[in-house]
Amino acid sequence: MATSSSNTNKADHSKNPPLTLRSSDGKELKIFRIVAQQSSTIMNLLDLEEESNTDVIPVSEVDGSTLEKLIELMNNHTEKSFNYLGVKERKKFYNDFFANWKILDVLNFGLVANYLGVQVIFDEACQKMADMIKSKSVEWVRKVFEIKNDFTPEEEEDLKKENKWAYERGDLDDGDDAI
Amino acid sequence: MIEMGEASETESRTLLMSSSSVEEESLRRSPSPIFGRGSCGGSRNTSPLGRMGSRNTSPSRIKTKPRGLDEETAATFSKFVQPDIRMEDNIWAMLPEDLLNEILARVPPFMIFRLRSVCKRWNSILQDNGFLKFHSQVPSHGPCLLTYWKNSQTPQCSVFSLPLKQWFRIPVTFLPRWAFWLVGSSGGLVCLSGMDGLTFKTVICNPLTQKWRTLPSLHYNQQRQLIMVVNRKDRSFKVIATSDVFSDKSLPTEVYDSKSNKWSVHERMPAVNLCSSKMAFCDSRLYLETLSPLGLMMYRLDTGQWEHIPAKFPRSLLDGYLVAGSKKRLFLVGRIGLYSTHQSMKIWELDHSKYVWVEISRMPPRYFRALLRLSAERFECFGQDNLICFTSWNQGKGLLYDVDKKAWSWIAGCALQAYNSQVCFYEPRFDSVIY
C-alpha cells in the first residue's frame, strides 16, 4: 500500500481522506490514516471521534510545531525506502533530524512521542538524549536536568575516587550546544 | 575449594551491583505493546514507556492525560506516583523515572560510572540490578578491544571502545596474583589463566562489575591451551582445555561447564602433529591448527570426540590464525610468501562440505606495508562476528576487516603499545554473570 512517492500515496488514499489533528494551540494538521497507524493514541482518539461525528481530532496536549515535526517523521517512516536504510544510514538520518536541537526540545519531543504511542520515535529521542549527555561532565548534567547535588563533598570525592578510571581521558565536551 | 570474591574495600562500593534489589523477570525487552485500532477493549496500553515497569500492573505511563480519552486504568510507576502534570510545566524536575531509565540505558557502559556522581537518585538507579539488566539489553555498545598485561606486580587492563574511540583503563587489582595469561573474552566475560605455585588455574571475571571467580582445578594439572565460550541464551559458559602448552604429551581434553561447575574429561586428541596455539570455536565445534605439516583438527562438544579435517592448507602459509565468524563460518588468516617480494596477507574461509580453504580476501598492499613495516614482523589476529582485527605492536596500529562489507579500515584513535600483546574483542555488559 505505501509507496515511496507521495503522489501515489494521495491517489491511494482518495478513498481514505487524511485525518485532521488539532494541536493545543489550534493548529490543524493533516495526516494520512496509514501514517497515523503508527500512533496508538491517535487510533484511540479516532474511535472516540467517529462516535461523536466530528472531523477534527483534538490532540490537546501537543503544540502545533511539535506535532508538525512528529507527523513529518512519521511520514518518513511510511516511505518504503526508509525501511531499506542500513544501520549507519538510519543513524545519520536521525542525527540530521535532531541536528542543533536543544536537549529540552528533544525531551519534549520524546514525551510527545510517548504520549502518542509512537515507539520508534520515542526510542530515537531517548537515544539522542543519551548521546547528548554521555560525554558531558557531571556538573553539566546537573545543570541541564536541574538536579540538586545531594552528596556531601566527602561522599562525592569518595565516589569519584572509586570510579576514577572512568574520569580519565577527560575529554568532556561541555559545550552549550545542547542547552 | 572455590575462591571467589568481590573487589577489595575501596573498589567495592560503587562498582558492585547492589544485592538488595529484587531481580525483575519482566525486564526482557519484548516488543513494547503498542496496540493499533484492532485491539480489544479494556485498558489500552499506549505508552512505549513501561518496559521497565513492575510485573503485573499495567505498564506505566507518563501522566499527561489527553482530553477525550477514556479514563486510563490507574497506572503507577514502579517506584513512585507522579502527580498529573501538564507537559510544559517543569519537565526536568518531574522527569519520570521510566523516561530517565530509557535515556540512561542507552548511555555506553563506561560512561555510566561517571553519572553515578550526579545525585543519590541517579547513583541508586545506576546500580540497581533491574536497571543494569535493562541496560545490557540495549544493542551492544561494542565492539571493544581488551588488552591485558601483567608484570610481576600489577595487572593492567585497558579497553578500547571502537564506537567511542576511547581508551579506558579498567581497574583489575581484584584478580588473583597468579592470573597472567588472557585466555579470551566472550559475552562480556573475560577468562584468564596462570600458575599458582605448581597448580594451573583459571579465573573468570566481568571487568565492569568487578566480580570474579576462580574455577575448580583441572583433572590433569598442566599448563594447557584454553578457549572460553559463552552461551547467552542459557547464561552459561564453557572452557575447553586442549593440548599441553609444551606439547610433550597428549592430554585428555577437558571441558568446564558452568552449569555443573565441573570439569569433565574427554577424548585425548590423537597425537598427530605438533599443536599450535591457534584455535577457534564456532557452531559448537572447536577447531585447532596443528603444525608440521599444517593441519586442522576439530573437536565436537556434543560427542566429546576429535576428528581430523582433511583440508589442505595453502602452500607456504606462515602464522596462520584461525578465526571464528558468525554462524558456522571459519576463517584462516595468514601470510604467504614470507621471504619473497610478493608477500601478502590473505584470508580464507573453510568450505565445510568440501573441506577446502577458499580464498576470500587479500589485504591491500598499502595496508600490509603500513601494518608490518618489516616483512617478518609479528602481528596478532583475532575476530568476532565477522570482524577480523589485526594488531601490530611495533607499529602501534590496529586494522579491521569487515567480512560482510569486504571493507578494510584502520581503528581510529587506537594507539597500541608494545606491551598490549594480549588482546581480544570484548563486549562490555553489566549482566554477564560469572556463575
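Elements of the type strands (runs of 3 or more DSSP E) sitting completely within the stretch B:251-319 and holding at least 3 residues that are under 28 Å from the mean Cα position of the chain (by Cα) and closer than 17 Å to B:VAL229 by Cβ: these cover B:252-257, B:262-268, B:274-282, B:285-291, B:295-300. Of the residues examined, B:GLY188 is one that is at positive phi and surrounded by 23 or more Cβ atoms within 10 Å (Cβ to Cβ). Checking each residue in the stretch B:391-435 for being outside any loop (DSSP other than H, G, I, E, B), over 18 Å from the mean Cα position of the chain (by Cα), modelled with pLDDT of 90 or more and not aromatic (Phe, Trp, Tyr) picks out B:LEU399, B:ALA407, B:SER409.
The residues of the stretch B:351-361 that are within 27 Å of the chain's Cα centre (by Cα) and either surrounded by fewer than 12 Cβ atoms within 10 Å (Cβ to Cβ) or of a type outside the set (Gly, Ala, Ser) (or both), listed by number, are B:ASP351, B:HIS352, B:ILE360.
When the stretch A:118-130 is filtered for residues that are more than 8 Å from chain B (Cβ to nearest Cβ) and surrounded by fewer than 21 Cβ atoms within 10 Å (Cβ to Cβ), only A:VAL120 remains. Reported count of residues in the stretch B:240-296, each being hydrophobic (A, V, I, L, M, F, W, C) and within 19 Å of B:VAL183 (Cβ to Cβ), is 15. Picking from residues in the stretch B:139-178 that are of a type in the set (Gly, Ala, Ser) and closer than 25 Å to B:ILE411 by Cα, the one that is farthest from the chain's Cα centre (by Cα) is B:SER158.
Yes/no matrix, rows are residues, columns are (1) at pLDDT 90 or above; (2) part of a helix (DSSP H, G or I); (3) touching a helix residue (DSSP H, G or I) at 6+ places or on another chain (Cβ under 6 Å):
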position	(1), (2), (3)
A:VAL106	yes, yes, yes
A:GLY110	yes, yes, yes
A:GLU124	yes, yes, yes
A:GLN127	yes, yes, no
A:ALA130	yes, yes, yes
A:LYS136	no, no, no
A:ILE147	no, no, no
A:PHE151	yes, no, no
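Listed here are the residues, each with its yes/no results for (1) surrounded by fewer than 19 Cβ atoms within 10 Å (Cβ to Cβ); (2) under 23 Å from B:GLN384 (Cβ atoms).
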residue: B:LEU115; (1), (2): no, no
residue: B:PHE131; (1), (2): no, no
residue: B:SER136; (1), (2): no, yes
residue: B:GLY142; (1), (2): no, yes
residue: B:TYR148; (1), (2): no, yes
residue: B:GLN153; (1), (2): yes, no
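Within the option set A:GLU72, A:GLU68, being surrounded by fewer than 21 Cβ atoms within 10 Å (Cβ to Cβ), in contact with a strand residue (DSSP E or B) (Cβ under 8 Å, 6 or more places away or on another chain) and away from chain B (no Cβ under 14 Å) holds for one residue only, A:GLU68. If the condition is being surrounded by fewer than 18 Cβ atoms within 10 Å (Cβ to Cβ) and more than 7 Å from chain B (Cβ to nearest Cβ), then the stretch A:136-147 contributes A:SER137, A:GLU139, A:LYS143. Scanning the stretch B:197-233 for residues that are assigned to a strand (DSSP E or B), within 30 Å of B:LEU126 (Cα to Cα) and charged (D, E, K, R) gives B:LYS211, B:ARG213. Residues being surrounded by fewer than 19 Cβ atoms within 10 Å (Cβ to Cβ) and more than 30 Å from B:PHE131 (Cα to Cα) are represented in the stretch B:208-218 by at least one member.
If you go through the stretch B:321-333 and keep only what is crowded, with 22+ Cβ neighbours inside 10 Å and under 16 Å from B:VAL356 (Cβ atoms), you end up with B:LEU322, B:LEU330, B:PHE331, B:LEU332. Of all residues in the stretch B:104-131, those satisfying the criterion of being away from chain A (no Cβ under 14 Å) and either out of contact with any helix residue (DSSP H, G or I) (no Cβ under 8 Å at 6 or more places or on another chain) or not in a helix (DSSP H, G or I) (or both) are B:ASP128, B:ASN129. Condition (residue is more than 7 Å from every other protein chain (Cβ to nearest Cβ) and more than 27 Å from B:ILE112 (Cβ to Cβ)) applied to the stretch A:97-107: is it met by at least one residue? No - not one qualifying residue is present in the stretch A:97-107. Note on the stretch B:278-313: residues that are among the small types (Gly, Ala, Ser) and exposed (fewer than 14 other Cβ atoms within 10 Å of the Cβ) total 2.
May I ask you to verify whether B:THR199 is over 18 Å from the mean Cα position of the chain (by Cα), surrounded by fewer than 19 Cβ atoms within 10 Å (Cβ to Cβ) and within 14 Å of chain A (Cβ to nearest Cβ)? So B:THR199 does not fit the description; no. Consider the stretch A:24-47 and keep the residues that are within 16 Å of A:ASN76 (Cβ to Cβ) and β-branched (Val, Ile, Thr). The one that is surrounded by the fewest Cβ atoms within 10 Å (Cβ to Cβ) is A:ILE34.
The values are calculated or read from the model by the stated rules, or taken from the named source; none is laboratory data. Treat the numbers as computed from the prediction; the structure is a model and nothing was measured. Ideal geometry is used to build each Cβ from the backbone, glycine not excepted, and the neighbour counts take in all protein chains shown.
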